[in-house]
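Remarks on the structure that follows.
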Amino acid sequence: MGGALRLPRPRPRWWLELLAIAWLCWLYDALTNIVPLRLQPALAHAAGVLGLEQSLHLNPELALDRWLAAHHTLGLVVSDYYDNAHFIVTLGLLGWLWWRRADIYRPLRNSLVLVNLIGFAVFWMYPVAPPRMLGGFIDVVSSTHAIGSWHSGALASHADELAAMPSLHIAWAAWCSLAVWQTSRRRSLRALAVLYPCTTAFAVIATGNHFVLDIVAGLAAIALAVLCVHLASGWWRTAGTACHKVVTKSKTR
């Protein structure tokens, strides 16, 4: 006889998923509330990051920022992309995974939650201001009056302006690429999965919102999150198998 038939894994309860999102939003808001108290250290850290990049000859931020600021229409398009794509794409993909791919949803969801927690921890311990808050840079998102801008108007008070390191824009984009790569073998979709974080990297640097090292840190954060979830899942399966063997053995005595 063959192995037992494996039933499709049920979707997690939707309200628990919404609670997890609400909890992350609450944590982010708590960090936002202390931004005024951490401005000077964050500016000093930003200057340090820029100085390190300059010593490594890895500092295209100012040139890209001024170039994009000089092209208003393109700047508006890139700014709208910066402000909205990471929410629409990430949450849309997360919802689709919950609905259609419950078999891989949980580890991907856990990785996304964990990378946010890693980011929040760094924001708390080592706040870094974005390049646009340093002298010589232009806040392209604000100057183009992008749709849904978190840099001005009512939304500005709800944004953590000192959360440049690591770049969660890049971490979320890399997570989306991983999710698409796991769910599709179509070359066109996989090509888009590679293009998406690359486009996001250009957008976050050219608008003056992140340093190159922020992007490196964002990629490292999502890699760490995925690794931790993978190791935890393996440990959980091993522990579950061991417990099952103990229970089975006790029943046969």
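Structure values in brief
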{"item": "Solvent-accessible area, 1.4 Å probe, carbon plus sulfur percent, for the chain", "result": "70 percent"}
{"item": "1.4 Å probe accessible area per residue over the chain, in Å²", "result": "57 Å²"}
{"item": "Additional length obtainable on full extension of the chain from VAL216 to LEU189, 0.36 nm per residue less Cα span", "result": "7.3 nm"}
{"item": "Accessible heavy-atom area order of CYS228, CYS25, highest first, probe of 1.4 Å", "result": "CYS25, CYS228"}
{"item": "Helix 187-206 vs. the chain, principal-axis angle (Cα, 0 to 90°, nearest 10)", "result": "40 degrees"}
{"item": "Proximal charge balance of VAL49 [Cβ under 14 Å; K/R count +1, D/E count -1]", "result": "-2"}
{"item": "Of [x] 1.06; [y] 0.98; [z] 0.95, the label for Rg/Rh (Cα atoms, Kirkwood Rh) derived from the coordinates", "result": "[x]"}
{"item": "Residue with peak Gaussian network fluctuation, the chain [Cα springs, cutoff 10 Å], from HIS210, HIS86, HIS145", "result": "HIS145"}
{"item": "Choice from GLY75, GLY48, GLY218 with maximal GNM fluctuation in the chain (Cα, 10 Å cutoff)", "result": "GLY48"}
{"item": "Trypsin sites (Lys or Arg not before Pro) restricted to DSSP loop in the range 1-91 with at most 10 other C-beta within 10 Å", "result": "ARG6, ARG13"}
{"item": "Local electrostatic count, LEU31, Cβ distance below 12 Å [Lys/Arg +1, Asp/Glu -1]", "result": "-2"}
{"item": "Ranked packing of 202-209, 94-101, most packed first, by mean Cβ within 10 Å", "result": "202-209, 94-101"}
{"item": "Gaussian network model of the chain, springs between alpha carbon atoms under 10 Å - residue of SER188, SER111, SER79 with greatest fluctuation", "result": "SER188"}
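The values are calculated or read from the model by the stated rules, or taken from the named source; none is laboratory data. Predicted, not measured: the structure shown is a model, and the values here were computed from it. Virtual Cβ from ideal backbone geometry, glycine too; neighbours counted across all protein chains shown. Note: accessible area is taken over every heavy atom of the protein model, side chains too, but ligands, DNA and RNA are not part of it. Shrake-Rupley method; radii C 1.70, N 1.55, O 1.52, S 1.80 Å.
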